[in-house]
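K.L.:
Pasting a structure below so you can have a look.
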Amino acid sequence: MNKTQELVQELPELNVGVVGHIDHGKTTLLSKLTGKFTDTHSEELKRGITIKLGYAETVIYKCGNMFSNKEMPGQKCEPLRYVSFIDAPGHEMLMATMLSGAAIIDAAILVIAANEGIKPQTREHLMALQAKKIKDVIVIQNKIDLVSKEEALKNHDEIKNFLMGTMAENSPVIPVSAQQEINLDKVFMALAGIEIPERDTESDPFFLVARSFDVNRPGIKVQEMRGGVLGGILKRGKLKIGDEIEIKPGISTRKHNSLIYKTLTTEILSLHKGNRKVGEVVPGASISIETSLDPFLTKADSLTGCVVSLKGRLPEIQHGVKLKTILFDEVFGLRDRKKVEPLKTKELMMLSINTTITVGVVERISKNETEFSLNIPIVAMKGDNAGIARNIEGHWRLVGLGEVL
Ligand SMILES: Nc1nc2c(ncn2[C@@H]2O[C@H](COP(=O)(O)OP(=O)(O)OP(=O)(O)O)[C@@H](O)[C@H]2O)c(=O)[nH]1
Ligand SMILES: [Mg+2]
């Protein structure tokens, strides 16, 4: 095991999401923080936007008075923590993807470009963080290289005003140029200052699948084939190599016009943190699990939204859910201000619960409690947070939040 591998095993861990309006510089910032450019899919490269959730990680060091992602020559450096990041898309059509990313993070970086200021998805993403009860938010005022000092100060005030009255009211607002690498040490310092949430390692494991894939290259020899891989976050408990696990709702097949879900059971073959192998995982950074499943079952994110525990420990899947609902006063994700209308029976809403995105039909409303029937079943626990979105002008827009009853 090399030095970094040893470090990763011992350091406190944090999982941080990077959110904000399209093109404000999230992926660029993350590439400078971690050395990894997360826009890798051909469509992302072609269009210059993030489409899927991206993943990167780094160790943060304190070197004298400076904070960095590497040891500095000639300085005494102390490793402080291991941070994994989720890079979310800013495109208005990809809010659901952003929400499933927000379901698995401990804290967030909200990126706002100084030359553009507060935009619809800046507002909507901040509300999404609020819906997911993310209280630690670092606000980055990016692209300061594109504006004058006066404009930067004016924009800084606008950002402060925008945050007033939200849970990010007291968040640091750090002027940065990701592209020119200005002030990145302040970002590392802020990341080093976020309180690590208390982790529950004693309960039954509860792992949220944010992506799933087939890691085998075409043409690989059968004896070198790897099993299906699940990526995501362990919310509670412990998982180790050799554990027998179950995955719910699992895979779906069509039978007489309806979808039947089948729980998958499998074994953990290996566990990975970043590109390092580990023997056991507890809640913290994002991880991936190699299973003994046929990789055909996990390819192309087919199991995204599922949950995992030890065999026999998950509750039954549910085709309906009752939520305590709070609707916002206005729709934040639109260019123009618009009031949020009350929910109506039989209305279709998009619900995001843990990493599951499902469409729910409003069946019953009483005061602030709403019952939904679901097109994709969920495994939810009492108290889980939900994001509620409505289709407005052809896009799903976040209009409220919920709590599983
Ligand atoms: N001048 C300047 N350009 C920047 C800076 N940061 C990012 N950019 C540029 O802004 C454009 C968009 O950057 P991305 O990092 O892809 O933005 P994003 O927020 O990840 O975009 P989406 O994922 O599609 O929402 C690219 O052309 C970057 O080179 C910066 O600090 N200064
Ligand atoms: Mg991006």
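The values are calculated or read from the model by the stated rules, or taken from the named source; none is laboratory data. Just so you know, these numbers come straight off a predicted model, no measurement behind them. So basically every Cβ, Gly included, is an ideal-geometry build from the backbone, and we count neighbours across all protein chains shown. For accessibility, only protein heavy atoms count, side chains too; no ligands or nucleic acids. Shrake-Rupley method; radii C 1.70, N 1.55, O 1.52, S 1.80 Å.
K.L.:
Give, as ranges by residue number, the residues of segment 368-397 whose backbone N falls under 15 Å from the point 7 Å along Cα→Cβ of S252.
P.N.:
373-379
K.L.:
Find, to one decimal place in angstroms, the Kirkwood hydrodynamic radius of segment 279-346, where the mean of 1/r is taken over every pair of different Cα atoms and then inverted. Don't jump to the answer; show the numbers that get you there.
P.N.:
Values: mean 1/r = 0.0575 Å⁻¹.
Roughly 17.4 Å, rounded to one decimal.
K.L.:
Quick check of the Kirkwood formula: for the chain, what is the inverse mean of 1/r over all pairs of different Cα atoms, in Å? Mind showing how you got there, number by number?
P.N.:
Working: mean 1/r = 0.0454 Å⁻¹.
Roughly 22.0 Å, rounded to one decimal.
K.L.:
Related question: What are the extents of the Cα atoms of segment 100-154 along their three principal axes, listed from largest to smallest and rounded to whole Å?
P.N.:
37, 19, 15
K.L.:
Work out the length of the dipole vector of the chain about its Cα centre, built from +1 on the beta-carbon of each Lys and Arg and -1 on the beta-carbon of each Asp and Glu, and round it to the nearest 20 debye. Each step should come with its number before you reach the end.
P.N.:
Values: 53 positive and 51 negative charges, 118 e Å.
Dipole size: approximately 560 debye.
K.L.:
Largest first, how would K346, K132 line up by accessible area (1.4 Å probe)? Before the final figure, lay out the partial values.
P.N.:
Numbers: K346 135, K132 20 Å².
So the residues, ranked largest to smallest area, are K346, K132.
K.L.:
Amide H neighbours of K338 under 5 Å, at least 5 residues apart or on other chains, H built in the peptide plane: list them.
P.N.:
Those qualifying (amide H under 5 Å, at least 5 residues apart or on another chain) are V331.
K.L.:
Now for a different question. Run the reach check for K235 against lysines, Cα to Cα strictly under 16 Å, same-chain hits fewer than 8 apart removed. What comes back?
P.N.:
K132, K133, K248, K273, K382
K.L.:
Using the 2.2 N^0.38 Å rule of thumb for compact globular proteins, work out how segment 316-405 stacks up: its C-alpha Rg over that value, please.
P.N.:
Working: Rg = 12.4 Å, N = 90, 2.2 N^0.38 = 12.2 Å.
So segment 316-405 has a normalised radius of gyration of 1.02.
K.L.:
When only Cα pairs under 8 Å and 6 or more residues apart are kept, what is the percent relative contact order across the chain? Please report the intermediate quantities before stating the final value.
P.N.:
Working: 991 pairs, mean separation 59.3, N = 405.
Once normalised by length, the contact order is 15 percent.
K.L.:
Using a 1.4 Å probe on the protein heavy atoms only, what accessible surface does K235 show? Give it in Å² to the nearest 10.
P.N.:
Ignoring ligands and nucleic acids, K235 comes out at about 90 Å².
K.L.:
Of the options L45, G17, P89, report the single residue whose Cα projects farthest towards the positive end of the charge dipole of segment 1-131 (beta-carbon charges: Lys, Arg +1; Asp, Glu -1).
P.N.:
L45
K.L.:
Just the number, please: carbon plus sulfur as a percent of the accessible area of the chain, 1.4 Å probe, no ligands or DNA/RNA counted. Write out the running numbers ahead of the final one.
P.N.:
Details: 9320 of 18920 Å².
The C+S portion of the solvent-accessible surface of the chain is 49 percent.
K.L.:
Please identify the cysteines of the chain that lack any partner cysteine with a Cβ under 4.7 Å from their own Cβ.
P.N.:
Here C306 come out as lacking a disulfide-compatible partner, given the Cβ-Cβ threshold of under 4.7 Å.
K.L.:
OK, next. GNM, the chain, Cα, under 10 Å: largest mean-square fluctuation among G48, G101, G219?
P.N.:
Per the Cα network of the chain with a 10 Å cutoff, G219 tops the list.
K.L.:
Would you mind counting up the charge near I233? Only other residues with Cβ under 12 Å from its Cβ, with Lys and Arg at +1 and Asp and Glu at -1. Let's see the in-between values first.
P.N.:
Working: positive: R199, R211, K235, R236, K273; negative: E13, D106.
Net local charge, I233 excluded: +3.
K.L.:
Compute the normalised compactness of segment 46-192: alpha-carbon radius of gyration over 2.2 N^0.38 Å, N being the residue count.
P.N.:
After normalising by residue count via 2.2 N^0.38 Å, the value is 1.08.
K.L.:
Say each of V361 and K149 gets a label point 7 Å from the Cα, pointing the same way as Cα to Cβ; how far apart are those two points in nm?
P.N.:
If labels sit at V361 and K149, their model points lie 6.3 nm apart.
K.L.:
Sorted by accessible area (1.4 Å probe), largest first, how do V209, V282 line up? The partial results should precede the final answer.
P.N.:
On the way: V209 0, V282 60 Å².
Putting V209, V282 in descending order of accessible area: V282, V209.
K.L.:
Now for a different question. How many percent of all Cα-Cα pairs in segment 176-253 sit more than 21 Å apart? Write down the numbers at each step before the final one.
P.N.:
Details: 1746 of 3003 pairs.
Here the long-distance tail beyond 21 Å is 58 percent of all Cα pairs in segment 176-253.
K.L.:
Quick one: go through segment 382-405 and flag any residue whose amide nitrogen is under 17 Å from the point 7 Å out along the Cα-to-Cβ line of E43.
P.N.:
395-396
K.L.:
Same structure again: Relative to the compact globular guide of 2.2 N^0.38 Å, what is the alpha carbon radius of gyration of segment 69-127, as a ratio? Kindly include the intermediate steps, with their values, before the conclusion.
P.N.:
Numbers: Rg = 15.9 Å, N = 59, 2.2 N^0.38 = 10.4 Å.
For segment 69-127, the normalised Cα radius of gyration is 1.54.
K.L.:
Another question, then. GNM, the chain, Cα, under 10 Å: largest mean-square fluctuation among Y55, Y82, Y261?
P.N.:
Evaluated over the chain, the most mobile residue of the options is Y261.
K.L.:
While we're looking at this one, here's another question. Let me know the volume per residue of the alpha-carbon convex hull for segment 25-64, in Å³. Display every interim value, and only then the final one.
P.N.:
On the way: hull volume 2.6 nm³, N = 40.
With only Cα atoms used, segment 25-64 gives 65 Å³ per residue.
K.L.:
Still on this structure, please answer the following. Can you compute the helix-only [θ] at 222 nm over the chain? Use -39500 (n - 2.57) per DSSP H run of at least 4 residues, normalise by all residues, nearest 500 deg cm²/dmol.
P.N.:
Numbers: 8 runs with 72 residues, N = 405.
Using -39500 (n - 2.57) per qualifying helix, the result is -5000 deg cm²/dmol.
K.L.:
Heads up, I need the accessible area for R47: 1.4 angstrom probe, whole protein in place, Å², nearest 10.
P.N.:
130 Å²
K.L.:
As a test of reading the structure, rank M349, M225 by solvent-accessible area (1.4 Å probe, protein chains only), most first.
P.N.:
Numbers: M349 0, M225 90 Å².
Accessible-area ranking of M349, M225, largest first: M225, M349.
K.L.:
Share of Cα-Cα pairs in segment 126-223 beyond 19 Å, in percent? Can you show the working numbers first?
P.N.:
Details: 3004 of 4753 pairs.
The answer is 63 percent, as a whole percent.
K.L.:
Return the percentage of antiparallel bridges among DSSP beta bridges fully within the chain, rounded to the nearest 5 %. Could you put the intermediate results ahead of the total?
P.N.:
On the way: 85 of 105 bridges.
Around 80 percent antiparallel, to the nearest 5.
K.L.:
If you wrap a convex hull around the Cα atoms of segment 355-405, how much volume per residue is inside, in Å³?
P.N.:
On the way: hull volume 4.7 nm³, N = 51.
Expressed per residue, the convex hull around the Cα atoms of segment 355-405 is 92 Å³.
K.L.:
Please compare each pair in K70/K135; K135/K324; K238/K346; K32/K311 to a cut-off of 30 Å on the Cα-Cα distance and tell me which ones are over it.
P.N.:
K238/K346; K32/K311
K.L.:
With springs only between Cα atoms under 10 Å, which of E224, E71, E316 fluctuates most in a Gaussian network model of the chain?
P.N.:
E224
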